[in-house]
Amino acid sequence: MATPKQCISSLARLSLTSTARPTATSIPRFLAPSITQVQAQQTRYAGGGTAQMQARAREKEKLKKKRKQQRFKEYKFAVPSKAEQFSLCDAMRYLRAAEVGRPPTSVTYEVSLKIRTIKNGPVVRNRVRLPYPVKNDTRIGVICPENTNLVHDARQAGAVAFGEASLFKLIKENPNNLPFNRLICHQDSVPALNKAGLGRILGPKGLMPSLKTNTITKSIKGMMTEMVGAETYREKIGAIRMPIGNIQFNPKQLSDNIKTLVMQVKGDIEAMEDRVNKDLIEVVLTSTNGPGFSLNGGFLPTDEMIEPDHLSTAM
Amino acid sequence: MVNPGKRMHILKALLELRHGPGAAILPPEITRIHLDFALRWNDGHMGPRKFWKTCLPRLKFWNPAVPMLVNRSTNQTGPALMSIYFRQSAAKATKNLTPLVQQPHSSTTNECPAPPPEEEERVVTIDMKHQHSDAILTEFLQKTGATLVHPTPDEQMEMQQVEELQEKGAVDRAIVKKYLDEKRREEKLLLQARQEAEAIKLANQ
């Protein structure tokens, strides 16, 4: 059925494309019935169209479906617009205002790195050594064969507990009051550790040494120097969240810390590239009680009255 | 938080941190502000607490360089005092050389009571006990001679939008509450009827 609107639109098209369209007047009379039939076929129907058109429509539908499925395989994410991003000093100004009057020991800057990632793939997890550590209460226990140089090494590097059988005994006897909060294991002691069956005790505490968490090593000394002042991070629900600084840090210190972390996470993502595709979507700075600010990578405040030095006074 | 629309609304709420009671720029003579009151709100400590929670963030936003410390203690009967430290000479402030860790800081355990004024400093105190936070603010503004910050027309419009959104939210919430209440009432009635029916059934057996 041709409504008047369609007629008008077809007329308009006629006037725009002047050539190559046979007009009704130029058709010989004896051909008229067949022509009218052809014209009737050419009117548009909802499900009509040539085979090519239908194929294209099917393809489109398929793509749409695939995209929809893909959406549920990934964690939701939104790319922030420029209008809702802040420079570091602006974000710090707001956060310091939100945290005014709180004891600085109980307030930290925190950072959350949003990552576009599938839900069931491998996750980013690693340790980072921040240039300005947030807090330093790492106490390390070392599992290594007794009566070797390794024990000496561990003691030198400042381990609070070391050994093999004696350490296992200690863990079994008072599992709720362990002297260490990190546990690493030498490669030679792995069989002994597996035999001891401590997974039930150490597993829930997140202390069980494993290759996955980078806590089984050949060089105890190197690992321990790396661990002191190092923080572990891990991607959960498409985001890495970790404390990044004390509220008393000045903008320079905080920016150094954030840069270090972001560079390392980018490196981790690159290292996983052959297994899974991930993207860093945004970096959000927040504090214990404050709102979150998506950072735009800039440093200087937008307000001319404020200098970075102003943001490093006592809180 | 993923939803971009929601995010924009929340960003607009940042206006709360910029404008409202307490949005004022202090004169450059003021070196620091110290608040001293109790942890809980009874015995006249509600006003200072509210001043800290509502006005101080805005003051801090507009004067980020001025240290504003809050020292709270468990002593409810103690005083609630605000000390404002004025620099007396117009000369530039001597750089505070002690590291930040050793400087006085905010605390909840009465660690840093108001320090005595340094040389060439003058202290003005405000007694905040049994005072409303608005009264404290007016006294503060009068004693410091701070200049108020007013929102620009754009910001005013945004604030109005936020307000409208809140009003709309309240209306929507009322509608949903009515619907839910009705649903719960019906469920309750149904449950009661069912129990009664079962009781009758049991009695018949």
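The values are calculated or read from the model by the stated rules, or taken from the named source; none is laboratory data. Because the structure is a prediction, the values reported are computed rather than measured. Neighbour counts run over all protein chains shown; Cβ positions are idealised from the backbone, glycine included. Calculation scope for accessible area: heavy atoms of the full protein, side chains included, ligands and nucleic acids excluded. Shrake-Rupley method; radii C 1.70, N 1.55, O 1.52, S 1.80 Å.
Of all aspartates and glutamates in the structure, the ones whose alpha carbon falls short of 19 Å from that of A:LYS195, not counting any fewer than 8 places away in one chain, are A:GLU146, A:GLU164, A:GLU173. With the cut-off at 28 Å, tell me which of the pairs A:LYS119/A:LYS259; A:LYS73/B:LYS178; A:LYS65/B:LYS183; A:LYS119/A:LYS169 have Cα atoms farther apart than that. Violating the 28 Å Cα-Cα cut-off are A:LYS73/B:LYS178; A:LYS65/B:LYS183; A:LYS119/A:LYS169. If R0 equals 56 Å, the separation of the Cβ atoms of B:LYS143 and B:TYR179 corresponds to a calculated FRET efficiency of about 0.60.
In chain B, the calculated helix contribution to ellipticity at 222 nm averages -14000 deg cm²/dmol per residue, counting -39,500 (n - 2.57) for every DSSP H run with n ≥ 4. How large is Rg over Rh for the range A:137-228, taking Rg from the Cα atoms and Rh as the Kirkwood inverse mean of 1/r across Cα pairs? Ratio value, two decimals: 0.91. For the protein assembly as shown, the spherically averaged projection of the C-alpha convex hull amounts to 49.0 nm².
Each DSSP beta bridge with both residues in the protein assembly as shown is either parallel or antiparallel, and the antiparallel ones are about 70%. Under the simplified labelling scheme, the B:THR108-A:SER106 pair shows an inter-label distance of 0.2 nm, with each label point 7 Å from Cα along Cα→Cβ. Comparing the range B:147-205 with the 2.2 N^0.38 Å rule of thumb, its C-alpha radius of gyration ratio is 2.43 (two decimals). Out of every Cα-Cα pair in the range B:102-205, what percent are more than 19 Å apart? Distances greater than 19 Å cover 78 percent of the Cα pairs.
The trypsin sites (Lys or Arg not before Pro) of the range A:263-315 meeting both criteria, a DSSP state outside H, G, I, E and B (loop) and at most 13 other C-beta atoms within 10 angstrom of the site's C-beta, are A:ARG275. Multiplying the residue separation of A:LYS119 and A:SER210 by 0.36 nm and removing their Cα-Cα distance gives an extension gain of 30.5 nm. When the C-alpha to C-alpha distance is required to be over 18 Å, the pairs from B:LYS6/B:LYS168; A:LYS64/A:LYS236; A:LYS76/B:LYS6; A:LYS66/A:LYS114 that qualify are A:LYS64/A:LYS236; A:LYS66/A:LYS114.
Each Cα pair under 8 Å and six or more residues apart adds its sequence gap; the mean of these over the residue count of the range A:230-315 is a relative contact order of 29 percent.
At full extension, B:ILE200 and B:THR74 could sit 39.2 nm farther apart than now, given 0.36 nm per residue minus the alpha carbon distance. Run the numbers on the range A:74-102: which residues show a drop of 50 Å² or more in accessible area, chain on its own versus all protein chains together, using a 1.4 Å probe over heavy atoms? Going by heavy-atom accessible area, the residues of the range A:74-102 that drop by at least 50 Å² are A:ALA78, A:GLU84, A:ARG93, A:TYR94, A:ALA97, A:VAL100, A:GLY101. Reducing the range B:122-181 and the range A:259-315 to their Cα centroids gives an inter-centroid distance of 31 Å. Given +1 at the Cβ of Lys and Arg, -1 at the Cβ of Asp and Glu and no other charges, the dipole of the protein assembly as shown around its Cα centre is 3060 debye to the nearest 20. With all projection directions averaged, the alpha carbon convex hull of the range A:42-144 covers 15.2 nm².
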